[in-house]
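J.: Pasting a structure here, questions to come.
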């Protein structure tokens with residue numbers, strides 16, 4: 001099985017190497033501006049609006065818990081953490097504009113988190129979470145540890161936060177982490193609402209610096225590295241040859257990791273098809289652009305191939321356990337099968353779609369997949 005994966009990768013690299021370099025600009029008459037408007041007004045900004053609202057709910061639940069720690073308020077805090085974490089999956093792929101400047105992805109969802117360093121930060125009370133070296137000590141994975149992993153029972157976790165010696169330090173750290181999530185994301189949303197939306201929509205050219213080309217690369221990078229590799233491939237040991245259940249997203253939250261994967265897959269499929277956030281309506285998209293170009297692969301419609309593959313991925317991964325760390329230990333073969341199905345769409349996106357749109361890959365693929 002490993003040989004077939006390596007062969008698939010080599011074939012894709014050879015095909016990319018055969019692609020000619022040079023100017024990416026194209027002269028088709030597809031309305032890229034309309035696609036950018038759909039992306040900005042009907043998908044990205046509404047998704048960020050929703051995410052900020054969920055973060056506000058998380059912040060309120062965090063304050064309620066830290067003001068008066070109890071098991072009931074801990075359960076409510078976990079509920080709000082999961083809701084915000086799910087909302088994050090709908091904006092995680094948009095590493096463009098202010099999100100790119102702030103490195104929002106890595107400060108929000110760098111996992112596995114580092115509990116040893118988190119405990120050291122809590123104990124010392126001295127830390128700078130703006131440092132790149134601190135990315136694995138904050139964001140949703142750090143909150144996961146702080147509300148699920150500091151003790152083995154709910155009563156034990158509450159006891160940590162009510163301890164007369166250290167409880168205040170844990171409360172402060174939790175507050176700092178949640179507040180940074182909210183402030184960074186609010187900065188990104190404010191930037192979209194105060195000028196960047198117009199910059200994004202107006203940048204409708206087909207050069208490497210055009211908004212379509214940049215977001216196409218962001219989308220594929222997210223699907224390849226964060227969805228396929230981080231959520232599935234790395235914990236399954238695809239790259240290292242050694243599975244590690246502790247590498248799953250939301251490791252301490254146990255039954256959250258599969259839900260996060262499902263949400264991310266759903267968001268990726270919706271964006272490809274131009275589906276409006278929170279609606280069944282659709283607008284211009286990668287799918288409609290490919291249809292406009294009548295993109296065919298080996299006699300078959302490329303959009304249909306991609307959407308059919310999304311269905312296959314969903315079918316394959318539907319049997320995964322709610323806790324992906326448990327899945328790795330119980331039946332890692334299913335994790336590897338899910339990875340293989342995700343990889344097929346990586347090739348459709350990275351080779352066939354970008355070739356049809358005459359867009360070059362702008363990031364380095366060095367994971368040996």
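J.: When residue 193 is evaluated against the numbered criteria (1) touching a residue at least 12 places away in the same chain (Cβ under 8 Å); (2) over 18 Å from residue 324 (Cα atoms); (3) in a loop (DSSP other than H, G, I, E, B), which criterion, by number, is the only one it fails?
T.: Just one mismatch for residue 193, condition (3).
J.: Is there a residue being under 24 Å from residue 95 (Cα atoms), more than 19 Å from the chain's Cα centre (by Cα) and part of a helix (DSSP H, G or I) anywhere in the range 233-247?
T.: no
J.: Further, regarding this structure: Which residue out of 151, 142, 120, 168 is closer than 17 Å to residue 246 by Cα, surrounded by fewer than 16 Cβ atoms within 10 Å (Cβ to Cβ) and not assigned by TED's automatic domain parsing to the domain that holds residue 227?
T.: 151
J.: Another question, if that's okay. Quick one: residue 77 ticks every box in (1) at negative phi; (2) surrounded by fewer than 23 Cβ atoms within 10 Å (Cβ to Cβ) except a single one, so which number is it?
T.: (2)
J.: Let me ask another. Taking the options 209, 185, name whichever one is within 30 Å of residue 257 (Cβ to Cβ) and either more than 22 Å from the chain's Cα centre (by Cα) or outside the structural domain of residue 321 (by TED's automatic domain parsing) (or both).
T.: Being within 30 Å of residue 257 (Cβ to Cβ) and either more than 22 Å from the chain's Cα centre (by Cα) or outside the structural domain of residue 321 (by TED's automatic domain parsing) (or both) holds for just one of 209, 185, which is 185.
J.: Residue 253 fails exactly one of the following numbered conditions: (1) more than 29 Å from residue 42 (Cβ to Cβ); (2) at pLDDT 95 or above; (3) surrounded by fewer than 21 Cβ atoms within 10 Å (Cβ to Cβ). What is the number of that condition?
T.: (3)
J.: For the range 53-142, which helices (runs of 4 or more DSSP H) that fit wholly inside it have 1 or more residues that are closer than 26 Å to residue 40 by Cα?
T.: By residue number, 71-88, 98-102, 104-108.
J.: Mind checking which residues of the range 194-213 are out of contact with any helix residue (DSSP H, G or I) (no Cβ under 7 Å at 6 or more places or on another chain), surrounded by fewer than 18 Cβ atoms within 10 Å (Cβ to Cβ) and within 17 Å of residue 38 (Cα to Cα)?
T.: 195, 198, 199, 202, 205
For (1) touching a strand residue (DSSP E or B) at 6+ places or on another chain (Cβ under 9 Å); (2) closer than 18 Å to residue 34 by Cβ, each residue gets a yes or a no:
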site: 272; (1), (2): no, yes
site: 277; (1), (2): no, yes
site: 281; (1), (2): yes, yes
site: 285; (1), (2): yes, yes
site: 288; (1), (2): yes, yes
site: 295; (1), (2): yes, no
site: 301; (1), (2): no, no
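J.: So is residue 61 over 18 Å from the mean Cα position of the chain (by Cα) and crowded, with 22+ Cβ neighbours inside 10 Å or not?
T.: yes
The values are calculated or read from the model by the stated rules, or taken from the named source; none is laboratory data. What you see is a predicted model, and the numbers here were worked out from it, not measured in a lab. Note that we place each Cβ from the backbone using ideal geometry, even for glycine, and neighbour counts take in every protein chain shown.
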